[in-house]
Amino acid sequence: MTVDREKLHALLMWYKEALGDNLIAAIIADREGLIMDAISSSVDKTVKEDLVGGLSALVEPVLERITKEFSSGSFGTGTFDTDEYRLIFSEAGEHAVFVTVLDGLSMVDPILPTAYLTAEKIARIFDGRTVSPVIPKIIIEKQDSKIVREINKLKKIKSKGDEYAFKLILGGDGAVGKTSMVHRFVEDTFQSDYKGTIGVSIMKKQCNFEGLGTSVRFVIWDLAGQTQFKRVRKSYLANAEVGILVYDVTRRETYDNITDWYEEIKKVCSKISLILVGNKIDLEDQREVNMEEGQRLADNLNISYIETSAKTGENINDSFEILALKMIKTYFTLDNV
Ligand code: GDP
Ligand code: MG
């Protein structure tokens, strides 16, 4: 495959122009994780090379995971935070991935449409189609602007086409069992992940519903233990479609904190579908919160409630399946759900 590298580079220059000071670097990689082209904001050539080199090392493990995980599917756009940077990974057709590197304090939302448009153009260049490298400045003033609508529309088409994976996040205090639940559900869990670098571990899992003749795919984002500070949390939550609020039935304070978690999540993703989970029911003799209280809280928040044990596996699959069914109801047109 021959790719018009000059055009790719021209596109990156336009991207830099469009993003201005927000941009630290932009990288185009192929699906093998090979860097095809990169630019950085620095004009100094050595600083520039060092920066791109350093960033490549940072981006590589994530790219590797994404390319391996999604070689046959589609991941859309995802954001990651490191201590210093915020990264936006955008799928650019089936052959490439487009990575935007921003300063750690940048806002991602206003940049997403531009990243999205650029990724589309990269995809077209890779396909050898005609495309102009010019990127207009996109200013999003209102949530309902045209490009946001277009993105939402595309999301729906993808989900109908059975290709779309829903972003699932978990909320709840430390040590309530979030990671254990995910590992129990995903089974073939990743032992070596890149938690240390980016503070998030990402897993993929499909729920099949034979009776309905359909399946739902989840991309599960799990925050590493100590990184639950606010800024990371915001991009962790961004664009999530489903979420699980978890408390530990043996520790009342984790139950009391659920409302705060609910509000924080809803603030970032107002349309998210949530479920409340009371975990560790195998520790019946240490229970501090009973089932009625769990149900009452869920009723107040107008969400479903389920009790689980990540240790024994009880109800773990069910909790994810409830969410999958909600997604089917929201995004797919099925009469019998
Ligand atoms: P996170 O911080 O919410 O991700 O919690 P973890 O998944 O890391 O779990 C915290 C601790 O609780 C670990 O020691 C787990 O082994 C334990 N744990 C998690 N789920 C259960 C459960 O259902 N039953 C019991 N007995 N222990 C659990
Ligand atoms: Mg955890």
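The values are calculated or read from the model by the stated rules, or taken from the named source; none is laboratory data. Just so it is clear, the model here is predicted, and its values are computed rather than measured. Heads up, the Cβs are rebuilt from the backbone with ideal geometry, glycines too, and the neighbour counts pull from every protein chain shown. When the accessible area is computed, the model is the full protein with side chains, heavy atoms only, and any ligands, DNA or RNA have been set aside. Shrake-Rupley method; radii C 1.70, N 1.55, O 1.52, S 1.80 Å.
At-a-glance table
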item	result
Residue list for region 292-313, filter: assigned to a loop (DSSP other than H, G, I, E, B) and crowded, with 16+ Cβ neighbours inside 10 Å	303, 308, 309, 310
Flag for residue 193 being at pLDDT below 70, more than 30 Å from residue 259 (Cβ to Cβ) and either part of a loop (DSSP other than H, G, I, E, B) or within 16 Å of the chain's Cα centre (by Cα) (or both)	yes
Sole residue being in contact with a helix residue (DSSP H, G or I) (Cβ under 6 Å, 6 or more places away or on another chain), within 10 Å of ligand 1 (Cβ to nearest atom) and not in a helix (DSSP H, G or I), chosen from 289, 246	246
Tabulated pairs, region 287-300, first closer than 12 Å to residue 247 by Cα, second exposed (fewer than 15 other Cβ atoms within 10 Å of the Cβ) and of a type in the set (Val, Ile, Thr), C-beta under 8 angstrom, 6+ apart or interchain	297/259
Matching entry among 322, 275 (being closer than 22 Å to residue 179 by Cα, touching a residue at least 24 places away in the same chain (Cβ under 8 Å) and not in a helix (DSSP H, G or I))	275
Residue match in region 219-235 (condition: open to solvent by 40 Å² or more (accessible area, probe 1.4 Å), of a type outside the set (D, E, K, R) and at pLDDT 65 or above)	no
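This table checks each residue for (1) at pLDDT 75 or above; (2) over 19 Å from the mean Cα position of the chain (by Cα); (3) not assigned by TED's automatic domain parsing to the domain that holds residue 242.
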| residue | (1), (2), (3) |
| --- | --- |
| 71 | no, no, yes |
| 77 | no, no, yes |
| 85 | yes, no, yes |
| 99 | yes, no, yes |
| 105 | yes, no, yes |
| 114 | yes, no, yes |
| 141 | no, yes, yes |
| 159 | no, no, no |
| 167 | yes, no, no |
